[in-house]
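Report on the structure given below.
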Amino acid sequence: MKGIKPITRKELHHILRDPKSLIIIFMMPVFMVFIYGYAISFDLNNINIGIVDNSGSDLSAKLVGKFLNNKYFTLVGPQINEDRSIEAYERRLKSGEIDEIMIIPHDFSKKIKNRIPVDIGFVIDGSDSNTANIIYQYNEMILFSFIGEFQNIEDILQIKTKIYFNPELKSTYFFIPGIIAVLLLMVSALLTSLSISREKETGSIDLIFISPIKSYEIIIGKTIAYIFVAFAVESIILLLARFWFGIPIEGNLIVLFAFSLIYIFTGLSLGIVISIAAPDQKTSMLGTLLITILPSIMLSGFIFPITSLGEVLRWTSNIIPATYFLKIIRSVVLKGASISDFLVDGLILTLMSIVLIFIAVKKFSKLRKIAG
C-alpha cells in the first residue's frame, strides 16, 4: 500500500485539477439517461400519409377517418389544383414529404357490400426499415379495427403492400448512409477543433496574432485546408458502402457531393469555434466529441425517428447539422432524389456555416486584441 497510496493520491489530485474534463465526462451519461428516459420512444407519431380515395363513398370516408382520427397518422394532401394522381404522391414519397400512400380502389364500397374480396393498397417508404415495419403494423391494427365494425368481411378486405427504396428492409441500407453523415460531421469538426488549440499549446499562436493577415482570412484559410481531407474520408466510406455492403447509389453523386461540401464546411466551422473557445487540445477534442457525436446519433434521426422525440428535443434537432444532411444523403443514395428536393435543407446548412464562421472570426479577433 505504501506505493499505491501516493500514486492514487497523485491521480485524484490530477483529476480534480481538470474540472472541465470532469464536467464533460459526467454530462455525457446524465444527458443520455435523460434522453432515453424521457424523450425517446419507439412509438411513431405524425406519420405523414397521402391518401388516394378513388371510391369517394361513405364507406371509404369512414376508413380514411380511421387512419386520421388517431395519434399516429397526419394527412398530407396536394393543394387545390395540384396533381392528385398516384404518381404525384410517389414523387412526394421520394422527396421524403410523406412516409406512406394508401390507395382505395373505385369499387371499394360496392365490393364490400356484395361480399366480394377487395384490396387496400399501401406504398411505404422503406428507406428506414424499422419505421417501415412499425407503419405496416399500424396499418394492420387500424384495418382490423375497421373490419371489427362489420360482420363477416375478415376474408374480404385484404392488404397489399409495396415497399419502395429498400424492398428487403435491410437495416444496413438505412444505417450506412446515416453513419456517413455522423462520421463526416465528427471528422470535419475534429480536424479544425485541434488547429487553434494546438497553436495555443505550442505558442505559435503569437506569431499568427502579429501577422498582417486578417482574422477572417486566417479562419477561412484554416477551414478550407481541411475540406479535401473530409472529402477523402467521405469517398472512402461511400466506396465501402457501395462495393462491400452492396448498397445501391440511386441518385446523382454530383448532387450528393455538392451538399456534402456545404455540410463539411459547416462541420469545419463548428470545429474552429470550439478550437478558439477551448484552452487546450484535450478539452477541444472532448468538447467536439460531446457536441457532434451524441446529438448526431441521438437527436438527428440517425437511430430514432425525429417524430418519436419529445417536443423540446424535436426543436433541438433543428439546430443539429446532421438532421438535414441525413435526410439528404439517405434520399439521394436510396431514393435517387434530385437537388430541388433539398434546397431548404441546403440553405439551412449554408446559414449555419455563415453564422459559425462569423462567430469564429469575432472570437479570434477578440483573442488578438487581448494578446495585443
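The values are calculated or read from the model by the stated rules, or taken from the named source; none is laboratory data. Just so it is clear, the model here is predicted, and its values are computed rather than measured. Methodologically, a virtual Cβ is constructed for each residue, glycine included, from the backbone with ideal geometry; neighbour enumeration extends over all protein chains shown.
Listing for the model above:
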| read-out | value |
| --- | --- |
| Qualifying position, being in contact with a helix residue (DSSP H, G or I) (Cβ under 9 Å, 6 or more places away or on another chain), of a type in the set (V, I, T) and buried (at least 19 other Cβ atoms within 10 Å of the Cβ), among I156, I176 | I176 |
| Condition check for F358: crowded, with 20+ Cβ neighbours inside 10 Å and either part of a helix (DSSP H, G or I) or touching a Gly at 6+ places or on another chain (Cβ under 7 Å) (or both) | no |
| Selection from the stretch 321-335 of residues that are within 9 Å of Y263 (Cα to Cα) and aliphatic (A, V, I, L, M) | A322 |
| Sole residue being in contact with a helix residue (DSSP H, G or I) (Cβ under 7 Å, 6 or more places away or on another chain) and more than 20 Å from E234 (Cβ to Cβ), chosen from R368, R330 | R368 |
| Given (1) part of a helix (DSSP H, G or I); (2) buried (at least 21 other Cβ atoms within 10 Å of the Cβ); (3) of a type in the set (G, A, S), index of the condition S300 fails | (1) |
| Residue in the stretch 115-135 that is free of Cβ contacts under 8 Å to residues at least 40 places away in the same chain and closer than 30 Å to L294 by Cβ present | yes |
| Qualifying positions in the stretch 232-260 - surrounded by 14 or more Cβ atoms within 10 Å (Cβ to Cβ) and part of a helix (DSSP H, G or I) | V233, E234, I237, L238, A241, R242, V255, L256, F257, A258, F259, S260 |
| Index of the failed condition, V255 passing every other in (1) β-branched (V, I, T); (2) under 23 Å from F364 (Cβ atoms); (3) at pLDDT 90 or above | (2) |
| Matching entry among F231, F245, F257 (being in contact (Cβ under 8 Å) with a residue 40 or more places away in the chain, of a type in the set (F, W, Y) and out of contact with any His (no Cβ under 7 Å at 6 or more places or on another chain)) | F245 |
| Which listed residue, of T323, T307, is in contact with a helix residue (DSSP H, G or I) (Cβ under 9 Å, 6 or more places away or on another chain), closer than 30 Å to R92 by Cα and modelled with pLDDT of 90 or more | T323 |
| Count of residues meeting criterion [in contact with a strand residue (DSSP E or B) (Cβ under 9 Å, 6 or more places away or on another chain) and either part of a helix (DSSP H, G or I) or of a type in the set (F, W, Y) (or both)] in the stretch 151-180 | 2 |
| K162 closer than 27 Å to L289 by Cβ and among the charged types (D, E, K, R) | no |
| Residues within the stretch 94-130 that are under 26 Å from the mean Cα position of the chain (by Cα) and at pLDDT 90 or above, tallied | 10 |
